[in-house]
Amino acid sequence: MGMENMKKKKSVYSVYIVMVLTLRLIDGGIEGRQVGVLEKLEKPSSGFSKSYNSIYDTSKYGIFQLNNGLAVTPQMGWNSWNFFACSISEDLIKETADALVSTGLADLGYVYVNIDDCWSAATRNLKGQLVPDPKTFPSGIKALSDYVHGKGLKLGIYGDAGAFTCQVRPGSLFHETGDAQLFADWGVDYLKYDNCFNLGIDPKKRYPPMRDALNATGRTIFYSICECMTTIADINDKWASRAGPGGWNDPDMLEVGNGGMTYQEYRAHFSIWALMKAPLLIGCDVRNMTAETLEILSNKEVISVNQDSLGVQGRKVYVSGEANCLQVWAGPLSGNRLVVAFWNRCLKAATITARWEVLGLESSTNVSIRDLWQHKEVKENAVASFGAKVDSHDCHMYIFTPKTVAHSES
């Protein structure tokens, strides 16, 4: 968020390919790790190749982890911006909280109800404090927080590490201590902290003061920062080795259900976001979802990939076709499993094949394969490779479970 072209609906398939890459920093301090998680936490079992750890490099995994209980897995919830932009109110937030509960989405993990930009008045009050817009949030944020908490959910709010927010409301630059305490007093659980009107000050100097201020309040608040690096989603690959508990790469909110894409494109969007361990923040009007939208957002098997306890970001491991539009994405999961996605970004249906070596498997490994959208086993004893025909702009998503090493008879 924070770039105007990200705040407009686009009826093209690439609407979610342009992204803002954000980094989730949790509370204060940084702790690095010297050993990749695949070596430290889970030794690949028989059937994995020597290239496994290099393909799924986790050398900087957990670099932001503080073991404070926050962001153990990517956060899930809803954000107001993609569909509503500045057309928000306390009634809308309450109705959204109600809908997350009534649709069952809250039970699946979508618990953050995040208010984006435009919640505040145009100026601070005489005490220098942020003030909710009296027309749209007349009861105040504390009352809204109480309502959301009463539903078993958590409330998120928006701020900016600049003089103003992206929609020219008061920013928190040089007001970090007071604003953080105000958020804590209101019962806020999550702060999305943007990067507009930053006066050219280095982000490394602007973001830590709010982190420290939030810590000083004594309240547990998820700190979500945005440095507004606008690029294509594929760049997310370059940051995969750093993702893990306490620091998830975020290619921005979900567009599922907002119009402009087909069912297959929405399914691909959700699949890749889940595989990349991106935060799953719904961006549509959950009060008026279609059955197809709810079906996609409610896929427990895909969500389980995103929330897997190993916490390793999947990545693109193989490309083919014109302009590399036939792609294989994969990533390690707990239990020595792999998630594998076949993503057809071409204009025509095509067969996508993954050879075991690109996945980090020995060619003789026997693998069972489960389709996460069909919810069934599609292959019991695959060896050496697996392929499937994928429609244009669609994505197939699988769990690969290595079982044994196949031996040929002499």
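The values are calculated or read from the model by the stated rules, or taken from the named source; none is laboratory data. These figures come from a predicted structure and were not determined experimentally. As a convention, Cβ positions derive from the backbone with ideal geometry for all residues, glycine included, and neighbour counts pool all protein chains shown. Just so you know, the surface numbers come from the protein's heavy atoms only, side chains and all, with ligands and any DNA or RNA stripped out. Shrake-Rupley method; radii C 1.70, N 1.55, O 1.52, S 1.80 Å.
Considered as a group, the residues in the range 336-377 that are out of contact with any Asp or Glu (no Cβ under 9 Å at 6 or more places or on another chain) and under 16 Å from Val305 (Cα atoms) include one that is surrounded by the most Cβ atoms within 10 Å (Cβ to Cβ), and that residue is Ala341.
Taking Arg355 as the residue in question, decide whether it is touching a helix residue (DSSP H, G or I) at 6+ places or on another chain (Cβ under 9 Å) and of a type in the set (Lys, Arg). Against the criterion (touching a helix residue (DSSP H, G or I) at 6+ places or on another chain (Cβ under 9 Å) and of a type in the set (Lys, Arg)), Arg355 does not qualify.
Rundown of residues vs (1) polar (S, T, N, Q); (2) open to solvent by 10 Å² or more (accessible area, probe 1.4 Å); (3) farther than 19 Å from Asn79 by Cα, yes/no style:
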residue: Lys142; (1), (2), (3): no, yes, no
residue: Tyr147; (1), (2), (3): no, yes, no
residue: Gly162; (1), (2), (3): no, no, yes
residue: Gln167; (1), (2), (3): yes, yes, no
residue: Gln181; (1), (2), (3): yes, yes, yes
residue: Lys192; (1), (2), (3): no, yes, no
residue: Asn198; (1), (2), (3): yes, yes, yes
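Between Val328, Val312, Val302, Val358, the distinction of being assigned to a strand (DSSP E or B), in contact with a strand residue (DSSP E or B) (Cβ under 9 Å, 6 or more places away or on another chain) and not charged (D, E, K, R) belongs to Val328 only.
Screening Ile399 with (1) within 21 Å of Trp273 (Cα to Cα); (2) open to solvent by 10 Å² or more (accessible area, probe 1.4 Å); (3) free of Cβ contacts under 8 Å to residues at least 60 places away in the same chain; (4) assigned to a strand (DSSP E or B) gives one miss only, at (3).
Pairs linking a residue in the range 369-394 that is aliphatic (A, V, I, L, M) to a residue that is open to solvent by 50 Å² or more (accessible area, probe 1.4 Å) and not in a strand (DSSP E or B), with Cβ atoms under 6 Å and 6 or more positions apart or on different chains, are Ala384/Ser363.
Contact annotation: residue pairs with Cβ atoms under 7 Å, 6 or more positions apart or on different chains, pairing a residue in the range 81-109 that is at positive phi with a partner that is part of a loop (DSSP other than H, G, I, E, B), are Ala85/Lys7; Gly104/Ser298; Gly109/Gln307. Selection of first residues in the range 343-358 that are closer than 21 Å to Ser49 by Cβ and of second residues that are of a type in the set (S, T, N, Q) and part of a loop (DSSP other than H, G, I, E, B), restricted to Cβ pairs under 6 Å at least 6 apart or on distinct chains, gives the following pairs, ordered by first then second residue: Trp356/Ser363. Criterion applied to Ala349, Ala341 was being touching a Lys or Arg at 6+ places or on another chain (Cβ under 7 Å) and of a type outside the set (Phe, Trp, Tyr), and the one residue passing it is Ala349.
When you scan the range 258-293, how many residues do you find that are crowded, with 16+ Cβ neighbours inside 10 Å and closer than 26 Å to Lys94 by Cα? Step through it out loud before you land on a result.
Filtering the range 258-293 down to residues crowded, with 16+ Cβ neighbours inside 10 Å leaves 258, 261, 264-286, 289, 293.
Cutting the leftovers down to closer than 26 Å to Lys94 by Cα gives us 258, 270, 278-286, 289, 293.
Selection size over the range 258-293: 13.
Among residues of the range 254-265 that are over 19 Å from Pro74 (Cβ atoms) and free of Cβ contacts under 8 Å to residues at least 40 places away in the same chain, none has a Cβ under 7 angstrom from a residue that is of a type in the set (Ser, Thr, Tyr) and surrounded by fewer than 22 Cβ atoms within 10 Å (Cβ to Cβ) at a sequence gap of 6+ or on a separate chain. Just to check your reading of the model, which residue among Phe183, Phe222, Phe137 is in contact (Cβ under 8 Å) with a residue 60 or more places away in the chain and within 30 Å of Thr103 (Cβ to Cβ)? None of the other options fit; the residue is Phe222. Here the range 355-375 is the region considered, the condition is being of a type in the set (Val, Ile, Thr) and under 27 Å from the mean Cα position of the chain (by Cα), and the residue that is nearest to Ala388 (Cα to Cα) is Ile369. Scan the range 57-87 residue by residue and report those that are more than 18 Å from Met289 (Cα to Cα), modelled with pLDDT of 90 or more and open to solvent by less than 30 Å² (accessible area, probe 1.4 Å). Result: Pro74, Gln75.
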